[in-house]
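Some notes on the structure that comes next.
The values are calculated or read from the model by the stated rules, or taken from the named source; none is laboratory data. What you see is a predicted model, and the numbers here were worked out from it, not measured in a lab. All Cβ positions, glycine included, derive from the backbone under ideal geometry; neighbour counts span all protein chains shown. The accessibility values were calculated without ligands, DNA or RNA, using every heavy atom of the protein model including side chains. Shrake-Rupley method; radii C 1.70, N 1.55, O 1.52, S 1.80 Å.
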Amino acid sequence: MNHSKLIKQMWTLGIRDKQLISIIKQMLKAPITLPNGEIIYPDKGTPQGGILSPLLSNIVLNELDWWISSQWETIPTQKEYKVVVKPNGTESRTIAHRQLRKTTKLKEMYIVRYADDFKIFCRYRSDANKIFIAVKQWLSERLKLQISEEKSKVINLKKNYSEFLGFKLKAVKKSKKYAVRCHMSDDAVKRETQKLIKQVKIIQRPADYKEEYKSISRYNSMVIGIHNYYQIATNINLDCSKIGRQITTITENRLWQRMKKTSNEQEAIRNKYIMKKYGKSKQMRFVNNIPFVPIAYIQTRNPMYKKRSVNKYTPSGREEIHKSLGVNLTILHKLMNNPVIGKTIKYADNRISLYSAQNGKCAITGIVLNFEDIHCHHKIPLKLKGTDRYDNLVIVHQKVHKLIHTNNADKIRQYLEELKLTQPMLNKLNKLRLLAETTVI
């Protein structure tokens, strides 16, 4: 990435705060210490792993997106053709494209890009070969970028797989048309298998029950992460089954004394998400009553097109996001503009996040809260060495908050009459009272 070109592109986009640009320049030229101790100051590229790098790569390659689009998708035509707007807001120029195929020799192409990794899809190999050279030349002359010769090539998707973002894709004949066959890439399968095996070895010899619980929870989060990312692959069940066979062999050898097929009811209730998502699987196992998520239990999920209007960088786009959250925007803005005096920034941020996560409802009663009634309670109070972490906070009604902390019998009776708590609500309340070291009601 050429630094001078990047700054010019930012200026053209409308980013003209000179102080901000100066800060970005300093980040780009941050010194790098080599293994031999030598310090160098880069004049191109962005810091590896830097939080700003993906955004800067999007700024640089934004020109590439528009250039590829202008060659076919959005190319102007002499005659105006009807544009169909799909439910997600995407504009379809099918009629115009049909006429372009008939009356011109333009090369049909579509780009799919994520940061600096992209694919260009073409209809014919002859077109692909020409476009490959053209894009390579355009990147070099216009953006001062060189492509990776090892990773960049023309592939016939009807005959070979092509890898992209941890997936491998192929076009297979289905009836009279072609459909996508998609797997985890071979490297991804190998990498994820090794990570899970390493975690199982950590679970094998924990220091105590607390460490065992943490290491199993870590393993479960890794499995759920794999499922959430790769579930849109059409053949993900085959890939996860392959990983599962290796993991099963390892766990049976290392955890057989502690692993069981069933657990007591109380532990199952504690892990509602896991039990809801994986509880029906015959592969479900428990290590000392702690759920152990089966890697092979997964089904393909069809990727859903996001509405194009959803965009966190525009007022209308942010409004679409907040609509999907199901929370009162006015109250959300009040929470943002009225932090609790004397509390940390982490507390303020987590209070807002919890309000959205709980859909603006009290965690005990389930009622929708007005701004004045919103209290953010520390499950383990600060005086008992509790923290402002997200998992130590919960949004409750102000009267519920008072009820959690009071031991006054008259006050307890008064709040119970006003709130009219059911037994399940009371059970939740008592859990919070125990953590706050107040007596159970």
Conditions (1) open to solvent by 40 Å² or more (accessible area, probe 1.4 Å); (2) within 30 Å of MET259 (Cβ to Cβ); (3) in contact with a Leu (Cβ under 7 Å, 6 or more places away or on another chain): number failed by ASP187: (3)
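Out of the residues in region 205-241 that are closer than 24 Å to TRP256 by Cα and of a type in the set (Ser, Thr, Tyr), state the one that is surrounded by the most Cβ atoms within 10 Å (Cβ to Cβ).
Filtering region 205-241 for residues closer than 24 Å to TRP256 by Cα gives 205-224, 240-241.
Of the ones still in play, those that are also of a type in the set (Ser, Thr, Tyr) are 209, 213, 215, 217, 219, 221, 241.
Numbers: TYR209: 10, TYR213: 15, SER215: 21, SER217: 15, TYR219: 24, SER221: 12, SER241: 14.
Here the answer is TYR219.
Quick check on my filter: what residues within region 339-350 are without any contact (Cβ under 8 Å) to a residue 24 or more places away in the chain and not β-branched (Val, Ile, Thr)?
First, the residues of region 339-350 that are without any contact (Cβ under 8 Å) to a residue 24 or more places away in the chain: 339, 341-342, 345, 348-349.
Once the filter is applied, which keeps residues that are without any contact (Cβ under 8 Å) to a residue 24 or more places away in the chain and not β-branched (Val, Ile, Thr), region 339-350 yields PRO339, GLY342, ALA348, ASP349.
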List every residue pair whose Cβ atoms sit under 6 Å apart, with the two residues 6 or more apart in sequence or on different chains, where the first one lies in region 400-425 and is farther than 12 Å from ILE441 by Cα and the second, anywhere, is surrounded by 16 or more Cβ atoms within 10 Å (Cβ to Cβ) and β-branched (Val, Ile, Thr). VAL400/ILE364
Would you check if PRO303 is surrounded by fewer than 14 Cβ atoms within 10 Å (Cβ to Cβ) and under 30 Å from GLY244 (Cα atoms)? yes
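To keep it simple, each residue is scored yes or no on (1) open to solvent by less than 60 Å² (accessible area, probe 1.4 Å); (2) at positive phi; (3) in a helix (DSSP H, G or I).
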site	(1), (2), (3)
ALA363	yes, no, no
ILE395	yes, no, no
HIS401	yes, no, yes
GLN414	no, no, yes
ASN427	no, no, yes
LEU432	yes, no, yes
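Residues being of a type in the set (D, E, K, R) and touching a residue at least 40 places away in the same chain (Cβ under 8 Å): count how many of those fall in region 319-338. Before you say what the answer is, go through the steps one by one.
Of the residues in region 319-338, the ones of a type in the set (D, E, K, R) are 319-320, 323, 334.
Applying the additional criterion that residues be touching a residue at least 40 places away in the same chain (Cβ under 8 Å) yields none.
The qualifying residues number 0.
Kindly provide the set of residues from region 306-341 that are part of a loop (DSSP other than H, G, I, E, B) and either modelled with pLDDT under 75 or open to solvent by less than 80 Å² (accessible area, probe 1.4 Å) (or both), ordered by number.
Going residue by residue through region 306-341, those that are part of a loop (DSSP other than H, G, I, E, B) are 306-314, 326-328, 338-341.
Passing the criteria: SER309, VAL310, ASN311, THR314, GLY326, VAL327, ASN328, ASN338, PRO339, VAL340.
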Since TRP72 meets every condition but one in (1) loosely packed, with under 11 Cβ neighbours inside 10 Å; (2) in contact with a His (Cβ under 9 Å, 6 or more places away or on another chain), which condition does it not meet? (1)
Across region 199-224, the tally of residues that are in a helix (DSSP H, G or I) and more than 16 Å from PRO291 (Cβ to Cβ) stands at 5
Can you confirm whether TYR124 is open to solvent by 70 Å² or more (accessible area, probe 1.4 Å) and farther than 28 Å from LYS307 by Cα? yes
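This table checks each residue for (1) in contact with a Leu (Cβ under 7 Å, 6 or more places away or on another chain); (2) small (Gly, Ala, Ser); (3) part of a strand (DSSP E or B).
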{"position": "SER126", "(1), (2), (3)": "no, yes, no"}
{"position": "TRP138", "(1), (2), (3)": "no, no, no"}
{"position": "GLN146", "(1), (2), (3)": "no, no, no"}
{"position": "GLU149", "(1), (2), (3)": "no, no, no"}
{"position": "ILE155", "(1), (2), (3)": "no, no, no"}
{"position": "ASN160", "(1), (2), (3)": "no, no, no"}
{"position": "GLU163", "(1), (2), (3)": "no, no, yes"}
{"position": "ALA179", "(1), (2), (3)": "no, yes, yes"}
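Filter region 10-24 for residues that are surrounded by 13 or more Cβ atoms within 10 Å (Cβ to Cβ) and either in contact (Cβ under 8 Å) with a residue 24 or more places away in the chain or closer than 26 Å to ILE147 by Cβ (or both) and give the result. Spell out the reasoning first.
First, pick out the residues of region 10-24 that are surrounded by 13 or more Cβ atoms within 10 Å (Cβ to Cβ): 10, 15, 21, 24.
MET10, ILE24, listed by residue number.
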Residue check for THR251: β-branched (Val, Ile, Thr), out of contact with any helix residue (DSSP H, G or I) (no Cβ under 9 Å at 6 or more places or on another chain) and touching a residue at least 24 places away in the same chain (Cβ under 8 Å): no
For region 275-301, how many residues are assigned to a loop (DSSP other than H, G, I, E, B) and either of a type outside the set (S, T, N, Q) or over 18 Å from TYR213 (Cα atoms) (or both)? 15
Would you mind stating whether TYR390 is touching a residue at least 24 places away in the same chain (Cβ under 8 Å) and in the same structural domain as THR330 (by the TED database)? yes
